[in-house]
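Notes follow the structure.
FYI, it's all coordinate maths here, none of it is from the lab. The model shown is predicted, which means the values in this text are computed figures rather than measured ones. Cβ coordinates were reconstructed from backbone atoms using ideal geometry, including for glycine residues, and neighbour counts include every protein chain displayed.
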Amino acid sequence: MAIQIPRGTQDILPSQVGTWELIENKAKEICHKYQYKEIRTPIFEHTELFHKSGETTDIVQKEMYSFKDRGDRDLTLRPEGTPAVVRSYVENKMYGDPNQPVKLFYNGPMFRYERPQAGRYRQFVQFGVEALGSQDPAIDAEVISLAMEVYQSLGLKHLKLVINSLGDKESRIAHREALIKHFKPRIHEFCADCQNRLEKNPLRILDCKKDRDHELMKSAPPIFEFFNEESKQYFDQVLAYLDALGIAYEVDPTLVRGLDYYNHTAFEIMSNAEGFGAITTLCGGGRYNGLVQEMGGPETPGMGFALSIERLIAALDAEGITLQTEAKVDCYVVALGDEAKIPAMVLLQQLRKAGYSADKDYLDRKMKAQLKAADRMKAKFVAILGEDEIKMNKVVVKNMENGEQVELSISNFISEFERLGR
Ligand code: HAM
């Protein structure tokens, strides 16, 4: 049997790549407007990097593609972009850059050993941004607004922004104590993961899918009850910025996110399009003020998000949006007879060098089949070159849209073709 693609991965076929390119280019264009600069980090990193960024998450505990290389090093295919960007920020001393905050974006494959289903893959492409070095709530609003603009610029309308604050360290410690007190007496009723999380990171219990319906989940004390003045003010300011920018949101006190490093702002953008699959989260992000220090750098605040292109495309499909991506062929060169073969190849090369997209037949087909091929490729013009034409230094060019035909000279082909208009 022929070898098949690994589970949870997909081929992006030539007919689909245009959509991907368009989305990725649009996202990059928006990043340039917002002054975020691209960073490219390796696909694999030292496994330790991901452990340092969150020991108790499902991603780190169960979903990493970790392996030893031939030099006995522990390496992991990156499951997300943030830890690597922070590592690079510290390693390259970007905190010393005179331009602060450092605003970065990335786009590339991530790997998680998850149970594949619609919208959930084992290899997927994340487009993300990270702003490092500013504690200004305006940066939180900027990052959220950038994410929204990526979706809106592609025509998506059925979007819901959900936001929460996880408070600062002091608030989180107080909340943590309260959660332990709340769950501890009945923790044996919860799954093994939750039991494990109780002392390490009880906030993650709230994100458990298995025990979602346990009565203690609903009565768990919400974080905002433990906010100190600073955390409360910070969240209010983020919301005030969003209001001023006209970005609608819903505050959801149960939103905790699946990663350990967040504090203050946490947000997700969901699709509420009818017919969208069970996994409705398109994008997630938040503030991570302690992570740079955790990775050995100076105390530096951070804020970012990541979205997967796969889920974005699923949202476009759900809203019935098709992006115009068809690559046009400006001219298809039809060669008739052996003598026309070399001159046809030369014309083709001239067209391409002049900036036109052009193609010809390579299967020795008859004129009719060549014209059919040109039609299938939606060629705008067809240049027909036969033995008689060559003798007369002529080439017949047919406009495939209106059927008009003209004769151009072979020796002056490009400048005459140029006059026909692209
Ligand atoms: P995350 O919530 O784990 O956050 O992932 C962000 C986004 O990646 C999700 O909202 C979803 O669109 C996509 N995604 C995650 N897993 C899969 C999957 N298995 N298949 C398809 N798409 C998936 C992060 O990764 C953080 N690094 C985001 C961040 C950046 N926070 C601050 N800065």
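Let me have the 222 nm mean residue ellipticity of the chain computed from DSSP H runs of 4+ only, each contributing -39500 (n - 2.57), with the sum over all residues rounded to the nearest 500. Show your work: numbers first, answer last.
Working: 15 runs with 151 residues, N = 422.
Value at 222 nm, helices only: -10500 deg cm²/dmol.
Less than 5 angstrom separates the built amide H of VAL334 from those of ALA383, ILE384, LEU385, all sequence-distant by 5 or more or on a different chain.
Quick check on my link table: of LYS103/LYS328; LYS52/LYS169; LYS37/LYS378; LYS28/LYS372, which ones sit more than 27 Å apart, alpha carbon to alpha carbon?
LYS103/LYS328; LYS37/LYS378; LYS28/LYS372
Under 16 Å of direct C-alpha separation, and excluding same-chain neighbours fewer than eight residues apart, LYS218 reaches these lysines: LYS181, LYS184, LYS209, LYS210. Could you run the Debye sum over the Cα atoms of region 153-244, one equal point scatterer each and no solvent, and tell me log10 of I(q)/I(0) at q = 0.18 Å⁻¹, two decimals? With no solvent term, the Cα-only Debye profile gives -0.85. Of the residues MET377, MET217, MET94, the one that moves most in a GNM of the chain with alpha-carbon contacts below 10 Å is MET377. Overall shape: rounded for region 331-418, with the ratio a/c of the largest to smallest alpha carbon gyration tensor axis below 1.5.
Rounded to the nearest whole Hz, the Karplus-based 3J(HN,Hα) values (6.51 cos²θ - 1.76 cosθ + 1.60, θ = phi - 60°) of region 102-113 follow the sequence 7, 10, 10, 9, 8, 8, x, x, 10, 9, 9, 7, with x at glycine and proline. Rounded to the nearest whole Hz, the Karplus-based 3J(HN,Hα) values (6.51 cos²θ - 1.76 cosθ + 1.60, θ = phi - 60°) of region 304-311 follow the sequence x, 8, 9, 10, 9, 5, 4, 6, with x at glycine and proline.
Under Stokes-Einstein, with the Kirkwood radius over Cα pairs standing in for Rh, what whole-number D in µm²/s applies to the chain at 37 °C and 0.692 mPa s? Here the translational diffusion coefficient equals 131 µm²/s. In the chain, the longest principal axis of the Cα atoms and the axis of helix 367-376 are about 30 degrees apart.
Relative to the present Cα-Cα distance, how much length would full extension add between GLU416 and GLU114 at 0.36 nm per residue of separation?
In short, 102.9 nm is gained.
Helix 137-153 and the longest principal axis of the C-alpha atoms of the chain enclose an angle of approximately 40°. Each principal axis of region 1-114 carries a Cα extent, and these read 57, 40, 27 Å when sorted largest first.
Just checking the listed ones, PHE226, PHE105, PHE381: in the Gaussian network model of the chain with Cα springs under 10 Å, the one fluctuating most is PHE381. The amide H of TYR65, built 1.01 Å from its N in the peptide plane, has LEU77, TYR113 as neighbours under 5 Å, considering only residues 5 or more places off or on other chains. This model, with +1 at the C-beta of Lys and Arg and -1 at the C-beta of Asp and Glu, gives the chain a dipole about its Cα centre of some 920 debye.
For the chain, the longest principal axis of the C-alpha atoms and the axis of helix 14-33 are separated by about 60°. What residue among VAL129, VAL292, VAL382 shows peak mean-square fluctuation when the chain is described by a Gaussian network model with Cα springs under 10 Å? Of the options given, VAL382 has the highest mean-square fluctuation. Each residue of region 165-179 was assigned a 3J(HN,Hα) from its phi angle through the Karplus expression (A = 6.51, B = -1.76, C = 1.60, θ = phi - 60°), giving 10, 9, x, 8, 4, 4, 5, 5, 5, 5, 5, 4, 4, 5, 5 Hz with x at Gly and Pro.
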